[in-house]
1. Please enumerate the residues belonging to segment 466-500 that are among the polar types (S, T, N, Q) and within 29 Å of residue 395 (Cβ to Cβ).
2. Where in segment 445-519 are the helices (runs of 4 or more DSSP H), entirely inside, with at least 3 residues that are within 20 Å of residue 205 (Cα to Cα)?
3. Please find, among 453, 473, the residue that is exposed (fewer than 15 other Cβ atoms within 10 Å of the Cβ) and in contact (Cβ under 8 Å) with a residue 24 or more places away in the chain.
4. Within the bounds of segment 253-263, is there any residue that is open to solvent by 30 Å² or more (accessible area, probe 1.4 Å) and β-branched (Val, Ile, Thr)?
5. Which condition breaks for residue 267 when tested against (1) at pLDDT below 95; (2) open to solvent by less than 30 Å² (accessible area, probe 1.4 Å)?
6. Out of all the residues in segment 123-145, is one or more assigned to a helix (DSSP H, G or I), in contact with a Gly (Cβ under 8 Å, 6 or more places away or on another chain), under 29 Å from residue 209 (Cβ atoms) and modelled with pLDDT of 95 or more?
7. Condition test on residue 94, is it within 19 Å of residue 246 (Cβ to Cβ), in contact with an Asp or Glu (Cβ under 7 Å, 6 or more places away or on another chain) and touching a residue at least 12 places away in the same chain (Cβ under 8 Å)?
Amino acid sequence: VVAGAPGLADGGSRCPRRSGLAAGRSYSGGGSYPSVSLACPLPGVPKAVFAAAEGREKFETGVTVLENGLRVASQNKFGQFCTVGLLINSGSRHEAKYLSGISHFLEKLAFSSTAQFGSKDEILLTLEKHGGICDCQASRDTIMYAVSADAKGLDTVVNLLADVALQPRLSDEEIEMTRTAIRFELEDLNMRPDPEPLLTEMIHAAAYGDNTVGLNRFCPVENTDKINREVLHSYLRNYYTPDRMVLAGVGIEHEQLVECARKHLLGVEPVWGAGQTKDVDRSVAQYTGGIVKVEKDMSDVSLGPTPIPELTHIMIGLESCSFLEEDFIPFAVLNMMMGGGGSFSAGGPGKGMFTRLYLNVLNRHHWMYNATSYHHSYEDTGLLCIHASADPRQVREMVEIITKEFILMAGAVGEVELERAKTQLKSMLMMNLESRPVIFEDVGRQVLATNTRKLPQELCALISQVKSTDIRRVVTKMLHKKPAVAALGDLTDLPTYEHIQSALSSKDGRLPRMYRLFR
């Protein structure tokens, strides 16, 4: 290009010559720079095309509903690879009329042998040809089969997903292997130094009793031998129906995905037959509040050269709202404002060291090992909780510190901390949505719940509109509910449930005083 530039000037171009120092400069090889204005077009060089936001339709998620009720949703994204998967409105919350643990079994059995593929190895070899990987995740309300692969292999991927979801063989050998895997996982769950998965189960059981999202996500040990092909088929017949499914894709053209869906998911009879669904559980979550306690010796959880000290873990939660309600955004900001983490965090910008649970709890009480806020949200309910851990002898004091923090949520909210929480939430949202699998899950879950998708820009605008009055309003409403409490470890000094409830109903969050004759 540079070599052609002097010819342009010699050809009688009206472009001005560059004057001053630029014209006098020379290459390291001795030749001088061309004295051509960079504002002039160069001969033989195509006109530059600059990237621009060409209207909203480029970013919107395409949604098509097929004749059988299956929804196809896609989001275009530049790149060679795509992420495609099936999201099904099925999870542990739907197991009330069945043996608990079916979803756990289905998650482990995913991508095993099907009508077309003789084994898991065959599936993996097929995906390997397109540089693909697969995964299945089951939660309380959704099960997700996903594949990331080269976009050129889209037809193969959709065919594979349809076969995995609707035509699994569920052989006796595979079910037996799954039983072994689940038993091992349950054993490992109880031995882990990190009790967070166990506490999450306990807080849901405490908050919702034995209904919907309060049902156990993990298969109870006593059910592992009872779940067989017949049990799984009777469940699949009711919940793996097209109207409860979304085929979501990121990084592919919408029309192409719809075409593949019509080819592989329309008019396909599942292996369990296409009988009429009769036992679909449409129960709405009933928040009950309550306490679940597990006395456990935590002194030998992590042995070795640097053992973790014996800790008692407490989680206190209150009902928030569903992700379909307007108050979901203020609750998300509140959760960000509370923040928290472990007392050994390295800190640094963006690590949340200015959140309330750091400033008011971990920085003031050196004996607290952890204080973290969590927000679980579903289509008909939500749960905002704080997890704290400390030495068993300081459990009572720890509980009081947490109840005080809940009461302080309804107090004054500083402008600086609110703006920081909003900025952190927007930053986290946009950072996460840089990842293709995250976009896929966001598209799938939103379309499954609402048949449409709110774009990140819309969510950021809603976050920006949150005011301190919104935070106080949602907290005041939340504090009128009964608390849910989960406690794990040495619970000798744990206050009674009534005392915790009383503290959350008081003005300052203090536990009622206890007077003992003998200490």
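The values are calculated or read from the model by the stated rules, or taken from the named source; none is laboratory data. These figures come from a predicted structure and were not determined experimentally. Positions of Cβ are generated from backbone atoms using ideal geometry, with glycine treated the same way; all protein chains shown enter the neighbour counts. Surface accessibility is based on the protein's heavy atoms, side chains included, excluding ligands, DNA and RNA. Shrake-Rupley method; radii C 1.70, N 1.55, O 1.52, S 1.80 Å.
1. Within segment 466-500, 476, 492, 496 meet the criteria.
2. It comes to 497-505.
3. Working: 453 fails: exposed (fewer than 15 other Cβ atoms within 10 Å of the Cβ).
So the residue among 453, 473 that is exposed (fewer than 15 other Cβ atoms within 10 Å of the Cβ) and in contact (Cβ under 8 Å) with a residue 24 or more places away in the chain is 473.
4. So far as segment 253-263 goes, no, none of its residues is open to solvent by 30 Å² or more (accessible area, probe 1.4 Å) and β-branched (Val, Ile, Thr).
5. Residue 267 satisfies every listed condition except (2).
6. So far as segment 123-145 goes, no, none of its residues is assigned to a helix (DSSP H, G or I), in contact with a Gly (Cβ under 8 Å, 6 or more places away or on another chain), under 29 Å from residue 209 (Cβ atoms) and modelled with pLDDT of 95 or more.
7. Details: within 19 Å of residue 246 (Cβ to Cβ): yes; in contact with an Asp or Glu (Cβ under 7 Å, 6 or more places away or on another chain): yes; touching a residue at least 12 places away in the same chain (Cβ under 8 Å): yes.
It is true that residue 94 is within 19 Å of residue 246 (Cβ to Cβ), in contact with an Asp or Glu (Cβ under 7 Å, 6 or more places away or on another chain) and touching a residue at least 12 places away in the same chain (Cβ under 8 Å).
For (1) open to solvent by less than 30 Å² (accessible area, probe 1.4 Å); (2) part of a strand (DSSP E or B); (3) in the same structural domain as residue 358 (by the TED database), each residue gets a yes or a no:
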site	(1), (2), (3)
379	no, no, yes
388	yes, yes, yes
395	yes, no, yes
399	yes, no, yes
404	no, no, yes
416	no, no, yes
